[in-house]
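Read the structure below first, then the notes.
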Amino acid sequence: MDILAGLNPRQREAAEAIGGPVLILAGPGSGKTRVITHRVAYLIQVCGVSPRHIMAVTFTNKAAREMEHRLQHLVSGAVPELTLGTFHAICVRILRRDGGVIGVEPRFVIYDEEDQMSLLKRSITEVGFDPKQYAPQAISSAISAAKSQLIVPADYLAKARSYYEEVVGRVYEQYQRLLGESNALDFDDLLLRTVHLFSANPEVLSRYQRRYQHLQVDEFQDTNLVQYELVKQIGGGYHNICVVGDPDQSIYSWRNADLRNILSFEKDYPEAKVVLLEQNYRSTKSILETASHLISANRERKQKGLWTDNEAGELATVVETYTEQDEAQFVVGEIERLVEQGKARLGDCAVMYRTNAQSRVLEEAFIRFGTPYKLVAGTRFYERREVKDIVAYLRLIQNPSDRVSLLRVINVPGRGIGQQTLAKLSGWAQSMGISQYQALSRIGEVAEGEAPFTPHIGRKLTDFLSLMEEVITASNERGLLELFDLVTTRTGYREYLLTQPDGEERWDNILELRTVAQQYRDLPPAEGLAVFLEGVALVSDVDGLDETVDAVTLITLHQAKGLEFPVVFIVGMEEGVLPHFKSFDDPAQMEEERRLCYVGVTRAGRLVYLVRAFRRSFRGSSMVNSPSRFLNDIPKHLISGSSLWMGEEGRVKEAVYSWPKTATADLGTSEPAPPAPAIGDLKTGDHVFHGVFGNGVVVSAVAVNGDFEVVVAFRGAGVKKLLQSYARLEKLKS
DNA sequence: CGAAAGGCTCTTTTT
DNA sequence: GAGCCTTTCG
């Protein structure tokens, strides 16, 4: 059987090009996944390359799993020794095995963002600065940016050109020291330390080079410099490097992804073969054309000639609603209509948004309508307090040096060990040059009075120590599941949790975590724990997306990359939302916002809806946003529903669905108050009185949806936007 | 030491 | 609006 049968000539060319560097530029829907999967299958089956010699890097774990399934199907069998996963997952494996030579102990733990932040704040304080003065968030991204460019603290300090950079450099230095003391690595370190391992140990590198004779990297437009360096290092022996990507879908520059990687690949590898995949199999002509117009508005890009043989299809529907609640109602109502008319199944539909905060209103509407939906990890399961608590206990068992985890659980449930005590413990440990955990065991050993604790407090600390010793001993003998149960009970956590607000519900989350642990039950004790913790640290939200469930998908535009749905709704098509206001003053960021919108539109197969709300609440207060500039990038002849979208009175109403009659009582979050009787039309210049803001002058009054949006400049209270029916403005005689 | 209350900032996107 | 931090009191 010809393994490449069914590929078009371009795709075939890409799959067959196995000697030397290859750059595949793949437009959306061009069968990229198909190509890279067939390419690996071709290597194994036709070229007789052992899976052992192949490394394939994907963007998410989910993509890796899918590729594995498809591969097994193609080569009809398992591919055991194939290295397949994200950069991060692959680096973890390398470091567990060979990190020792650069001082990375195999039992290291991986710090997520929250752990990182906690350690970073500590670092800022410890080098003598105030976390309130130097935003930890900003320092964190500065450090992350440095790490993504292979800059270590010493280099950073040497190159610091301002006081602020000096501060960042010193924090960076301290932060790395603390990470080291905790035997912990953050996400950036996983990559960076691997590069260091290779550059400092050529013999280790050459072992990996000899093993990985074929290298393939997907989503190359979203790799950073460190990742590119890794590719260069590992692929340095054979130069059989295949990278796949699409510059128009680069949306992770904020995570230090560097578009230059894909642009300079040809320069770094002049002999590279370049293959363009331009035929789209996913979308209708209309959608593809809409997307092409949209992305053409970006100046920094290479023109591509996307085309499709698919039918013309329907025009994009642009809809304006009044509030974000109406927006959500419209979406759910429209989906229900499509399903009723047999035009789509629930599972065909996805609702995409710029920010996670937008998912809430949508979710409420779906609940209200009783329409099944799946939210792509909006809740971030692994970030929940109770889940992180248990994970912290388990991490501490694997690696007692883990300072962040120790501090997290030492007093949860409450054991009467407070801030004062912990500060003393920390100082004492530091003065002896040992970890805090080691300091705990010292308490019982030293003579009375040598430890800075009263016998009463000392007792509490040593009690905690014995508890940990007990579970650590157990961890060497028992499987993960037994250990898990021991931790939740023996530490008193279960009892504690059940007394907390929402205790039952949160305990259910622990049980869900236990279900995850179940998968590792048969591994030998220490290994089961390590693999479980690694999985927990590196999951991504889309990993949990289950395609077999027939329900609407709610997902961020970023998460949607690489996915496809017959019907796509993009909501929040507004200035300030998409494009996000943070990108207003930076043209490069603005172009990235446009690419994000492009990614959204190109996910769609048959139908696209671009929806916006006239007013939307943001952090408690209400905002009025104008239509997204991206709507202007789409020519009018490609849009239907324009009668709805300029918001003329009466027309807007058509787009607004009413709540269903049933099941509205328990969710009355957005029930509007009964409108006050109109006091008469207001016009610019009128003097008015408001019960709270006092006297003011009308700046503007606009008719909206049968009501009036009034902007008033109040004496003292400033300028406010008010809705006349709610605000009870009293018109004064001037 | 810990619970409760109030004030303050803020995440846009995530391996 | 929520979550975080600080303050206050028992």
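Throughout, read-outs are computed from the coordinates displayed, never taken from laboratory work. Please read these numbers as outputs of a predicted model, since none were measured by experiment. When we count neighbours, we look across all protein chains shown, and the Cβ atoms used for this are built from the backbone with ideal geometry, even at glycine.
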Query raised in the report: To the nearest 20 debye, what is the magnitude of the charge dipole of chain A about its Cα centre, counting +1 on the Cβ of each Lys and Arg and -1 on the Cβ of each Asp and Glu?
Result: 840
Query raised in the report: Using mean Cβ contacts within 10 Å as the protection proxy, how do A:518-527, A:403-412 order, highest first?
Result: A:403-412, A:518-527
Query raised in the report: How big is the shadow of the Cα convex hull of chain A, averaged over all directions, in nm²?
Result: 37.4
Requested in this report: Per residue of region A:208-216, in order, report the coupling 6.51 cos²θ - 1.76 cosθ + 1.60 (Karplus, θ = phi - 60°) as ³J(HN,Hα) in whole Hz, putting x for Gly and Pro.
Outcome: 5, 4, 5, 6, 8, 7, 10, 10, 9
Report task. Return the sequence-ordered ³J(HN,Hα) values of region A:259-273 in whole Hz as given by the Karplus equation 6.51 cos²θ - 1.76 cosθ + 1.60 applied to θ = phi - 60°, using x for Gly and Pro. Result -> 4, 4, 3, 6, 6, 9, 4, 5, 6, 5, 10, x, 7, 4, 8
Report summary line: Taking A:615-626, A:311-322 and ranking on average Cβ neighbours within 10 Å, highest first, one gets A:311-322, A:615-626
**Report entry** Size of charge dipole - region A:532-582 - debye, nearest 20, with Cβ of Lys, Arg +1 and Asp, Glu -1, no other charges
**Finding:** 240
Report task. Return a whole-number percent for the relative contact order of chain A, with Cα pairs under 8 Å and 6 or more residues apart as the contact set. Result -> 15
Report task. Would you mind ranking A:Ile36, A:Ile94, A:Ile570, A:Ile434 by Cβ crowding within 10 Å, fewest neighbours first? Result -> A:Ile434, A:Ile94, A:Ile36, A:Ile570
**Report entry** Mean Cα-pair separation over length for region A:50-167, i.e. relative contact order, pairs under 8 Å, 6 or more apart, %
**Finding:** 16
Query raised in the report: Where the centroid of each part is defined by its Cα atoms, how far is region A:487-537 from region A:173-206 in Å?
Result: 29
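Once every DSSP H run of n ≥ 4 in chain A is given -39500 (n - 2.57) and the sum is divided by its residues, what mean residue ellipticity at 222 nm do you get, rounded to the nearest 500 deg cm²/dmol? Please list the in-between numbers first.
Details: 30 runs with 337 residues, N = 734.
Value at 222 nm, helices only, nearest 500: -14000 deg cm²/dmol.
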Requested in this report: Which order do the peptides A:143-156, A:488-501 take when ranked by the mean count of other beta-carbon atoms within 10 Å per residue, highest first?
Outcome: A:143-156, A:488-501
Query raised in the report: For the residues A:Asp402, A:Asp586, A:Asp186, what sequence is obtained by ranking on other C-beta atoms within 10 Å, fewest first?
Result: A:Asp586, A:Asp186, A:Asp402
**Report entry** Fewest-first sequence of A:His558, A:His687 by Cβ atoms within 10 Å of each Cβ
**Finding:** A:His687, A:His558
Report task. Would you work out which of A:Phe108, A:Gly416, A:Val487 lies farthest towards the positive end of the dipole of chain A? Charges go on Cβ: Lys and Arg +1, Asp and Glu -1. Result -> A:Phe108
Requested in this report: Using the 2.2 N^0.38 Å rule of thumb for compact globular proteins, work out how region A:308-375 stacks up: its C-alpha Rg over that value, please.
Outcome: 1.21
Query raised in the report: In terms of modelled amide H atoms, which long-range or inter-chain residues lie less than 5 Å from the amide H of A:Thr223?
Result: A:Asp258
Query raised in the report: How big is the Kirkwood radius of region A:100-142, worked out from every pair of different alpha carbons and given in Å to one decimal?
Result: 11.8
Report summary line: Under 5 Å from the placed amide H of A:Phe614, counting only residues 5+ away or on other chains, we find A:Thr321, A:Tyr322, A:Thr323
Query - Relative contact order of region A:180-234, defined on C-alpha pairs under 8 angstrom at six or more residues apart (%) - result: 46
Query raised in the report: Direction-averaged shadow area of the convex hull around the Cα atoms of region A:2-145, nm²?
Result: 12.4
Query raised in the report: How many angstrom separate the Cα center of region A:261-300 from the Cα center of region A:89-126?
Result: 37
Report summary line: Residue by residue through region A:347-363, the couplings from Karplus 6.51 cos²θ - 1.76 cosθ + 1.60 with θ = phi - 60°, in Hz, x for Gly and Pro, are x, 7, 9, 9, 10, 10, 9, 6, 10, 4, 4, 5, 5, 4, 4, 4, 4
Report summary line: Sorted by chain and then number, the residues having a modelled amide H within less than 5 Å of the amide H of A:Tyr373, at least 5 places away or on another chain, are A:Val552
**Report entry** Inter-centroid distance (Cα atoms) of region A:134-169 relative to region A:1-61, Å
**Finding:** 40
